[in-house]
Amino acid sequence: MGARLRVFLTQKQDKILFELRTADVPQKVKDRAEVIRLNAHGWYVEKIAAHFNWTPQTVREVLHKWQKLGLEGLWELPGRGGKPKWKEEDIEFLEECLKNEPRTYNSVQLAQKLEKERSIKLSPDRLRRILKKGFIWKRARKSHKGKQESAVRQIKQADLDMVEWAAAAGEIDLKYLDESGFCAWSEPSYTYYKRGQQKRLEQTKRRGRRLSIVGLFQHGLSFVYGLVIGGVDRKAYIRMMESEAQEASQSKRMRVIVQDNGPIHRCHEVQQLWSKWESQGLYILFLPKYCSEMNPIELEWQHIKKDELAGQMFEDELELAYAVINGVEARGKKGNYPTKRIKFSSERST
């Protein structure tokens, strides 16, 4: 029986091979570097082969190349292996398409685009593996940022910062107002289910009417809201604002309401009440157009829909209303603030 094949490393060589484990090099190079280190630390060829699920002959070839070529022997010789069908410019082309085009793409569509416009033919599966190095599969979101006027937004952001600082200092009361809507049929979402099967949500017999909510959110202090069947009209909005004006007058403190430019917020009947509300200590700060992200109550609507109501179907508007009420209360408990529901004097209120 011949002598055991064994390599010996200097401290510097061992350090270089160890650092290759986290370097940006092919996985085969990392494996070969580890084979050499294990052998230098006393592992026999057969043990290394079992560890990597290789043949002993493959391990011996790696060790012989190291003895003959050193670090150079870890890499494939030029001309070995399949040639890539794509270049870095092709991936940069896809990156520009994903970034600038006003649409979404899946791997099949990207593969078709690459073949049509760059004459590069890759399977969708191969393209997914390539894109994993710098891209992730992620849900897109709607946005109005392209319609925003940056100069107007900066001015309004400065105004908003000022009133938020005043509220933090306890000088004023600051609330955020907005409306949103819900329907009995929720969009299906991801869920855990048994492998090989698919969860199905049966739609109710009728979709029902839209349930709308108008809310006033005060950070960490309160959430006041009202529900109506259909859309929120100016009467419901005025009812909320009149209540806020009375509270501001009684407390002798300035109260600022941050809201968007919705039609019911600027209708003629409402504008006639602005001077009255200001005399009671209630002021309105209008956000610029297409800047809903500046209103933090939007996040509350998002959490209620995605966390509390997602993946549910409701038999009628009443069942949906109870679910929304429970969702608002759940958000209040998580945020440690009280919630209050206002009942509007209307046949459409719930």
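[x] 26.8; [y] 24.4; [z] 20.9: which one is Kirkwood radius over Cα pairs in Å as calculated from this entry?
[x]
Sort 174-183, 118-127 by packing, meaning the average of other beta carbons within 10 Å per residue, with the highest value first.
Values: 174-183: 20.2, 118-127: 14.2.
Result, highest mean first: 174-183, 118-127.
Between region 85-110 and region 1-38, what is the separation of their alpha carbon centroids in Å?
38 Å
With springs connecting C-alpha atoms under 10 Å apart, model the chain as a Gaussian network and identify which of Glu298, Glu88, Glu242 has the largest mean-square fluctuation.
Comparing Glu298, Glu88, Glu242 in the GNM, the peak value goes to Glu88.
Determine the percent antiparallel among the DSSP beta bridges restricted to the chain, to the nearest 5.
Numbers: 17 of 30 bridges.
DSSP beta bridges in the chain are roughly 55 percent antiparallel.
By how many nm would the segment from Lys68 to Gln246 lengthen if fully extended, with 0.36 nm per residue of separation less the alpha-carbon distance? Write out the running numbers ahead of the final one.
On the way: separation 178, 0.36 × 178 = 64.08 nm, distance 8.98 nm.
Value of the extension gain: 55.1 nm.
Please give the per residue accessible area of region 21-166, computed with a probe of 1.4 Å over protein heavy atoms only, in Å². Before the final figure, lay out each step's value.
Working: 11030 Å² over 146 residues.
Value for region 21-166: 76 Å² per residue.
If you line up the long axis of helix 56-69 against the longest principal axis of the chain, both from Cα atoms, how many degrees apart are they, to the nearest 10?
Approximately 80 degrees, to the nearest ten.
Using only Cα atoms, find the angle between the long axis of helix 150-168 and the longest principal axis of the chain, and express it within 0 to 90 degrees, rounded to the nearest 10.
Tilt of helix 150-168: around 70 degrees.
Could you name the aspartates and glutamates whose alpha carbon sits less than 12 Å from that of Lys194, not counting residues in the same chain fewer than 8 places away?
Result set, ordered by chain and number: empty.
Return the subset of Lys12/Lys132; Lys87/Lys121; Lys85/Lys133; Lys252/Lys343 for which the Cα-Cα distance in this structure is over 23 Å, preserving the input order.
Details: Lys12/Lys132 34 Å; Lys87/Lys121 12 Å; Lys85/Lys133 17 Å; Lys252/Lys343 26 Å.
In this structure, Lys12/Lys132; Lys252/Lys343 exceed 23 Å between Cα atoms.
Sorting check: for 149-158, 318-327, 19-28, which peptide has the highest mean count of neighbouring beta carbons within 10 Å, and how do the rest follow?
318-327, 149-158, 19-28
Helix-only estimate, please: 222 nm mean residue ellipticity of the chain, summing -39500 (n - 2.57) across DSSP H runs of length 4 or more and dividing by its residues, to the nearest 500.
Numbers: 13 runs with 151 residues, N = 350.
Taking each H run of at least 4 residues, the total per residue is -13500 deg cm²/dmol.
The values are calculated or read from the model by the stated rules, or taken from the named source; none is laboratory data. Fair warning: this is a prediction, and the values are worked out from it, not measured in the lab. Note that we place each Cβ from the backbone using ideal geometry, even for glycine, and neighbour counts take in every protein chain shown. Accessible surface areas use protein heavy atoms only, side chains included; no ligands, DNA or RNA. Shrake-Rupley method; radii C 1.70, N 1.55, O 1.52, S 1.80 Å.
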